[in-house]
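Only one structure is covered here, and it is reproduced in the block below.
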Amino acid sequence: MAEPVIIDCDPGHDDALALLLAVGDPRLRLLGVTTVAGNQTLDKTTRNAQKILALAGAHDVPVAAGADRPLVNELTVAADIHGESGLDGPDLDVPVPVPVGVHAVELLRKLITEAESPVTLIALGPLTNVALLLRTFPEVTANLRRIVFMGGSTTRGNSTPYGEFNMVTDPEAADIVLRAPIPLTMIGLNVTHLALATDEIIAELRAISPICAELMTFFADAYRRNFGFPHPPLHDPVAVAYVLDQTIVPTVRAPISVELTGVYTRGATVVDLHHRTGRPDNADVAVDLDVNAFWTVLLNAIRQNPIGNPA
Ligand code: BDR
Ligand code: CA
């Protein structure tokens, strides 16, 4: 039976491909999508999620907008990486419906509590909505199988030398989630930096979906400009790939905390891989990636979507 999942996201180029993976792979049943401010402002991330779902033919997946800023920080968007629209590159002039008329936290509560079997929540942006959900409706944990989030790193960061974007954007939300009484998996930069969209991958993608190839071409330029990466890392789909096949993303148990007060390190995840601190384990931490298996599932899923079958 397909695993029921909900995606909370801030599209974003890599979020977009993560949505396509979740829609296209038969092992997952996407119950709903919630959006958060992060890569761009909330109105833009919401519209982007709706456009991608429309292009994927997923018209019956409800979308609800959530937090328009982090819990404490001011919002700093990633226009340098994702452009002014949040999904710069191709012309995505697709009509979209109005989002459902409830806040993301309410849609999450409803979908989780009404699901027939425990739900996996996949968080691909700052953890603001997820933290608000856990604080507002703690009873959802009874029917939440696990939270798998893309964020953090066991090594270095991307927003700051040691801080990853989703964690740095809302460290207090990350702190709330990391203390939650629920199975957690962290998919950090240490593994997503192995998911590089090489020229060969982008060429394969172009044959399947010109829109996806254009998204990746913009993303590749941004990564070259900002980080000197020869190829862009496709962070968020790795979290979805983990949910549908855990052998693709091996993990270890470890204690994770997020730095809230560091002068230079606020938002950095502190992952005690060698158990030196005596803190209890609170998460599974991704430590590797089966790169070939990852691209196989992602490209196959995109082939299943109307976005992957251009006329
Ligand atoms: C994360 O930050 C965002 O820019 C991406 O969408 C991804 O979720 C990578 O640090
Ligand atoms: Ca994201």
Matching residues in segment 181-212 - criterion: being small (Gly, Ala, Ser) and either open to solvent by less than 20 Å² (accessible area, probe 1.4 Å) or within 16 Å of ligand 1 (Cβ to nearest atom) (or both): Gly188, Ala195, Ala197, Ser209
Failed item in (1) surrounded by fewer than 23 Cβ atoms within 10 Å (Cβ to Cβ); (2) touching a residue at least 40 places away in the same chain (Cβ under 8 Å), with Leu134 passing the rest: (1)
Could you give every pair whose Cβ atoms fall below 6 Å, whose first residue belongs to segment 231-256 and is under 15 Å from Phe149 (Cβ atoms), and whose second residue is within 16 Å of ligand 2 (Cβ to nearest atom) and in a loop (DSSP other than H, G, I, E, B), counting only separations of at least 6 or pairs across chains? Asp236/Leu124; Val238/Ala195
Given Ala142, Ala180, which one is free of Cβ contacts under 8 Å to residues at least 60 places away in the same chain, of a type in the set (Gly, Ala, Ser) and part of a loop (DSSP other than H, G, I, E, B)? Ala180
Working only within segment 154-163, note down all residues that are open to solvent by 10 Å² or more (accessible area, probe 1.4 Å) and either without any contact (Cβ under 8 Å) to a residue 24 or more places away in the chain or within 16 Å of ligand 2 (Cβ to nearest atom) (or both). Gly157, Asn158, Ser159
One residue is enough: does segment 1-13 have a residue meeting the conditions modelled with pLDDT under 95 and either open to solvent by less than 10 Å² (accessible area, probe 1.4 Å) or under 28 Å from Thr296 (Cβ atoms) (or both)? yes
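Within segment 232-291, how many residues are of a type in the set (S, T, N, Q), more than 13 Å from Thr154 (Cα to Cα) and touching a helix residue (DSSP H, G or I) at 6+ places or on another chain (Cβ under 8 Å)?
Residues meeting the conditions: 2.
Being more than 15 Å from ligand 1 (Cβ to nearest atom) and touching a Cys at 6+ places or on another chain (Cβ under 9 Å) narrows it down to one residue among Pro95, Pro90; which is it?
Pro90
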State all residues of segment 66-93 that are within 15 Å of ligand 2 (Cβ to nearest atom) and of a type in the set (Gly, Ala, Ser); if no residue qualifies, say none. Gly66, Ala67, Ala78, Ala79, Gly83, Ser85, Gly86
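Residue-by-condition table, conditions (1) away from ligand 2 (no atom under 13 Å from the Cβ); (2) touching a residue at least 60 places away in the same chain (Cβ under 8 Å); (3) charged (D, E, K, R):
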residue	(1), (2), (3)
Asp10	no, yes, yes
Ala16	no, yes, no
Leu19	no, no, no
Leu30	yes, no, no
Asn39	no, yes, no
Arg47	yes, no, yes
Gln50	yes, no, no
Leu53	yes, no, no
Answer yes or no as to whether Leu215 is at pLDDT 95 or above, under 21 Å from Ala16 (Cα atoms), within 15 Å of ligand 1 (Cβ to nearest atom) and crowded, with 16+ Cβ neighbours inside 10 Å. yes
Answer yes or no: is there a residue in segment 268-289 that is within 26 Å of Asp199 (Cβ to Cβ) and exposed (fewer than 13 other Cβ atoms within 10 Å of the Cβ). no
Out of (1) away from ligand 1 (no atom under 13 Å from the Cβ); (2) open to solvent by 30 Å² or more (accessible area, probe 1.4 Å), the odd one out for Val168 is which? (1)
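The values are calculated or read from the model by the stated rules, or taken from the named source; none is laboratory data. No experiment lies behind these values; they were computed from the predicted model shown. We place every Cβ from the backbone using ideal geometry, glycine too, and count neighbours over all the protein chains shown. Each accessible area value is taken on the protein alone, full model and side chains, heavy atoms only, with ligands, DNA and RNA left out. Shrake-Rupley method; radii C 1.70, N 1.55, O 1.52, S 1.80 Å.
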